[in-house]
Amino acid sequence: MFLSAPTTGECTLLVAWHIDSGAYGTVKLDGLNVVLAVHSPGHMLQTKWDVAVYLDERASRQQQEALGTIFGGQAGGEPAALGPFVGKVLGVKAAKIEYEARGRHRSVRIPGVAEAEIDAIEGQGGRDVVLSNVPFIAVPNQSTIAAKSKRLTYHDHGFAWELSERNGYYSPFAFKGP
């Protein structure tokens with residue numbers, strides 16, 4: 001299941017991070033967003049990925065540099081653990097990123113590029129379906145909420161994904177940088 005070959009022969013995903021509060025050194029990052037688009041032409045653990053990175057356009061030059069350092073893996077932590085899987089960086093650019101978290105609903109939008117909406121799956125007793133100890137995920141050692149996508153589209157770097165009505169996940173994250 002988690003480590004199986006992809007059903008369609010390739011894996012595509014859109015990962016969004018929203019920073020409620022935080023800093024990299026003395027550079028405050030409160031309220032900023034980062035989005036990573038990933039395409040793996042085969043099994044994600046066996047094939048190098050093509051990735052595109054979108055940094056919040058509201059960020060100052062210093063903030064964009066800090067976000068690039070963190071999410072580019074140079075600052076260690078989980079982003080660095082993803083680095084060996086990346087074969088090609090298609091681009092890193094500033095973009096308008098609209099992020100929303102409302103109850104069990106999460107959405108991210110980069111106008112003209114990407115849109116994703118997911119809602120948590122309701123489990124027994126109305127509680128969230130929670131996954132833990134998942135063998136491979138962007139935010140390990142966190143409780144991950146299982147969700148279903150209402151919509152996921154991506155149009156950039158020659159890709160045109162229409163992946164609505166599939167699985168999705170969200171979880172809190174904490175990055176411990178310098």
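The values are calculated or read from the model by the stated rules, or taken from the named source; none is laboratory data. Because the structure is predicted, anything quoted here is derived from the model rather than measured. All Cβ positions, even for glycine, are placed from backbone atoms using ideal geometry, and neighbour counts span all protein chains on display.
The residues listed here are Val89, Val53; of these, the one that is under 23 Å from Thr153 (Cα atoms), aliphatic (A, V, I, L, M) and in contact with a Phe, Trp or Tyr (Cβ under 9 Å, 6 or more places away or on another chain) is Val53. Considering only residues in segment 165-178 that are of a type in the set (Gly, Ala, Ser) and at pLDDT 85 or above, the one that is nearest to Val108 (Cα to Cα) turns out to be Gly168.
Name the strands (runs of 3 or more DSSP E) wholly inside segment 18-124 in which the number of residues that are among the acidic types (Asp, Glu), under 25 Å from Lys150 (Cβ atoms) and touching a strand residue (DSSP E or B) at 6+ places or on another chain (Cβ under 9 Å) is 2 or more. Step through it out loud before you land on a result.
Working: elements: 33-40, 49-56, 86-95, 98-102, 105-110, 114-120.
Of the strands (runs of 3 or more DSSP E) lying wholly inside segment 18-124, those with at least 2 residues that are among the acidic types (Asp, Glu), under 25 Å from Lys150 (Cβ atoms) and touching a strand residue (DSSP E or B) at 6+ places or on another chain (Cβ under 9 Å) span 98-102, 114-120.
Kindly indicate which of Ala95, Ala116 is over 25 Å from Asn167 (Cα atoms), among the aliphatic types (A, V, I, L, M) and surrounded by 14 or more Cβ atoms within 10 Å (Cβ to Cβ).
Working: Ala116 fails: over 25 Å from Asn167 (Cα atoms).
Testing whether each residue is over 25 Å from Asn167 (Cα atoms), among the aliphatic types (A, V, I, L, M) and surrounded by 14 or more Cβ atoms within 10 Å (Cβ to Cβ) leaves just Ala95.
Name the residues in segment 7-21 that are in contact with a Leu (Cβ under 7 Å, 6 or more places away or on another chain) and more than 17 Å from Ile97 (Cα to Cα), would you?
Thr12
Residues of segment 1-17 that are small (Gly, Ala, Ser), in a loop (DSSP other than H, G, I, E, B) and either within 22 Å of Phe159 (Cα to Cα) or in contact with a Lys or Arg (Cβ under 7 Å, 6 or more places away or on another chain) (or both): Ala5, Gly9. Take the residues in segment 103-113 that are within 20 Å of Asn167 (Cβ to Cβ) and without any contact (Cβ under 8 Å) to a residue 60 or more places away in the chain; name whichever of them is surrounded by the most Cβ atoms within 10 Å (Cβ to Cβ). Per the criteria, the residue is Arg109.
Which residue is nearest to the chain's Cα centre (by Cα), if the candidates are limited to segment 21-50 and must be of a type in the set (A, V, I, L, M) and farther than 23 Å from Tyr154 by Cα? The residue in question is Leu29.
For His105, indicate whether it is modelled with pLDDT of 95 or more and under 29 Å from His43 (Cβ atoms). Spell out the reasoning first.
Values: modelled with pLDDT of 95 or more: yes; under 29 Å from His43 (Cβ atoms): no.
No; evaluated as a whole, the condition is false for this residue.
Restricting attention to segment 132-162, the residues that are outside any strand (DSSP E or B), closer than 18 Å to Pro41 by Cα and modelled with pLDDT of 70 or more add up to 2. Of everything listed in (1) of a type in the set (D, E, K, R); (2) surrounded by 14 or more Cβ atoms within 10 Å (Cβ to Cβ); (3) under 23 Å from Ala160 (Cα atoms), the single unmet condition for Glu65 is (3). Could you please find all residues in segment 1-17 being touching a strand residue (DSSP E or B) at 6+ places or on another chain (Cβ under 8 Å) and at pLDDT 75 or above? Across segment 1-17, the qualifying residues are Glu10, Cys11, Thr12, Leu13, Leu14, Val15, Ala16, Trp17. Looking only at residues of segment 75-85 that are over 22 Å from Ala23 (Cβ atoms) and surrounded by fewer than 16 Cβ atoms within 10 Å (Cβ to Cβ), we find that the one that is farthest from the chain's Cα centre (by Cα) is Pro84.
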